């Protein structure tokens with residue numbers, strides 16, 4: 001009998017503390033969720049704005065999105081979201097997520113901004129695990145290398161020159177790191193090819209109104 | 001300061017330092033100390049967790065039962081860490097982006113459950129909170145020193161990214177030591193963390209030995225003086 005009582009007490013105790021813990025987390029979650037969402041959107045918008053200056057478009061970039069199916073040219077194996085910039089309803093540019101699968105230390109995640117005319121608005125590395133001090137020069141805060149892509153397109157340089165210099169192309173590599181820039185150059189080139197094939201469908205069906213309340217930038 | 005408080009303080013900061021003596025919580029310690037600010041960020045998060053978990057565990061120490069105390073401690077610690085993670089994400093988002101994956105790892109920092117079990121579950125609330133504070137402070141100091149060392153040697157800067165923590169005004173805090181310093185990669189990479197921690201432990205041990213010898217000498221001197 002005593003044993004039963006003991007088991008019951010411990011079970012009640014554990015349940016009680018589980019409820020208290022869950023309540024604590026739930027309460028904090030409720031009180032921070034808005035701020036967290038706001039932060040995430042703001043960070044995303046800031047990243048996008050380094051590629052596409054806010055003055056170049058007048059729509060709500062975070063609302064006007066399109067879901068892209070996985071595509072080998074983008075290196076994506078899940079659906080990805082692309083952000084579309086328009087000015088007075090004319091397409092200006094699109095920001096695609098691309099993945100370079102063959103970095104030195106795993107995949108390199110990129111944001112590739114492509115203007116409607118097919119030239120690059122800019123490229124940024126979002127996430128990578130390249131060697132600090134060598135491969136991480138693809139980050140904007142480490143070196144200006146990634147800025148060289150701006151203005152380039154499929155015809156500039158010529159398709160054969162879309163390689164790092166080591167491979168006979170036009171793009172610099174870094175001292176001590178060829179694999180990282182090679183992976184990024186390839187991924188950007190593929191993203192441009194993807195854009196060329198899908199240009200018209202990418203800008204269809206403006207979606208600024210739907211999901212508007214989910215994406216508003218009010219804290 | 002009473003004797004007890006004094007010994008808790010000394011224990012946490014030096015004699016029984018979590019990182020240098022107990023060698024607990026090395027995973028986050030070695031992983032985030034690439035820069036001083038990263039070390040400071042995780043140090044503060046761990047410190048807050050330790051104080052809160054010690055306080056809670058001490059409050060409920062009479063209501064738990066020995067058979068289920070460990071699961072209850074784990075529940076408490078996990079809830080606190082999750083709450084801290086959410087709050088950091090909400091209010092220190094930039095720093096959260098840097099430290100992100102290491103915040104949940106605080107749960108796995110054995111020093112927290114170790115203090116809950118070894119100290120907080122047997123002592124009064126105030127003393128337990130003080131123990132959490134001092135243990136956390138000792139851990140944070142090691143994170144800061146190691147982060148600072150690795151940053152100076154690895155990148156030649158100090159206080160880089162201070163704005164992540166203290167707002168845009170702190171961006172000017174960043175010190176660059178030597179214009180043409182290109183950095184020493186080893187210090188930034190994981191082996192640098194191990195070597196750095198090893199050196200810190202060595203320094204602590206040699207300081208301890210020096211102090212011990214000095215006290216020994218003083219005792220001998222006074223002893224011989226007494227004989228004369």
In a Gaussian network model over chain B where Cα atoms closer than 10 Å are linked, find which of B:152, B:77, B:126 has the largest mean-square fluctuation.
-> B:126
Using a simple spin-label model with points 7 Å from Cα along the Cα→Cβ vector, what separation in nm is obtained for residue B:222 and residue B:176?
-> 5.5
Arranged by the count of other C-beta atoms within 10 angstrom, fewest first, what order do A:33, B:144 take?
-> A:33, B:144
Would you calculate the separation in nanometres between label points at residue A:134 and residue A:117, each defined as 7 Å from the Cα along the Cα-to-beta-carbon direction?
-> 4.0
In the Gaussian network model of chain A, springs joining C-alpha atoms below 10 Å, which of A:36, A:19, A:81 carries the largest mean-square fluctuation?
-> A:19
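Which whole-number percent gives the relative contact order of the range B:3-227, counting Cα pairs below 8 Å spaced six or more residues apart? Working shown, then result.
Working: 311 pairs, mean separation 69.7, N = 225.
Computed value for the range B:3-227: 31 percent relative contact order.
Mind pulling the per residue volume of the convex hull built on the Cα atoms of the range B:3-227? Å³ is fine.
For the range B:3-227, the hull spanned by Cα atoms encloses 161 Å³ per residue.
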When the helix-only estimate is applied to chain B (DSSP H runs of n ≥ 4, each -39,500 (n - 2.57), divided by the residue count), what is the mean residue ellipticity at 222 nm, nearest 500 deg cm²/dmol?
-> -22500 deg cm²/dmol
Using bins 10 angstrom wide from zero, how does P(r) for the range A:1-95 break down, in % of all Cα pairs?
-> 13, 24, 21, 14, 12, 9, 6, 2
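Report, please, the projected area of chain A averaged over directions, based on the convex hull of its C-alpha atoms, in nm². The partial results should precede the final answer.
Working: hull surface 69.6 nm².
Mean shadow area of the hull around the Cα atoms is 17.4 nm².
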Residue B:62-residue B:189 pseudo-label distance in nm [points 7 Å out on the Cα-to-Cβ vector] | 5.7
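Going by how many other beta carbons lie within 10 Å of each one, how would you line up A:60, A:30, fewest first?
Numbers: A:60 20, A:30 10.
In increasing order of surrounding Cβ atoms, one gets A:30, A:60.
Pulled fully out, how much extra length does the chain show between residue A:8 and residue A:175, if you take 0.36 nm times their separation in residues and subtract their Cα-Cα distance?
Values: separation 167, 0.36 × 167 = 60.12 nm, distance 6.72 nm.
Full-extension gain reported as 53.4 nm.
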Relative contact order of chain A, pairs being alpha-carbon contacts under 8 Å that are 6 or more residues apart, as % | 18
Exposure proxy order (Cβ contacts within 10 Å, fewest to most) of B:33, A:9, B:46, B:219 = B:219, A:9, B:33, B:46
Hey, could you pull the Cα Rg and Dmax for the range A:68-107, both in Å?
-> 13.1, 43
Considering only B:206, B:121, B:58, give the residue with the highest GNM mean-square fluctuation for chain B, with springs between Cα atoms whenever their separation is below 10 Å.
-> B:206
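Could you tell me whether the protein assembly as shown comes out rounded, prolate or oblate from its Cα gyration tensor? Rule is a ≥ b ≥ c as square roots of the eigenvalues, rounded for a/c under 1.5, then prolate if a/b exceeds b/c, otherwise oblate. Mind dumping the intermediate values first?
Values: a/c = 2.89, a/b = 1.60, b/c = 1.80.
The shape class here is oblate.
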Work out how far the C-alpha atoms of the range B:121-180 reach from end to end along every principal axis, then list the three figures in whole Å, largest first.
-> 55, 25, 11
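We did not get these values from a lab; they are worked out from the coordinates using the rules stated. The model shown is predicted, which means the values in this text are computed figures rather than measured ones. As a convention, Cβ positions derive from the backbone with ideal geometry for all residues, glycine included, and neighbour counts pool all protein chains shown.
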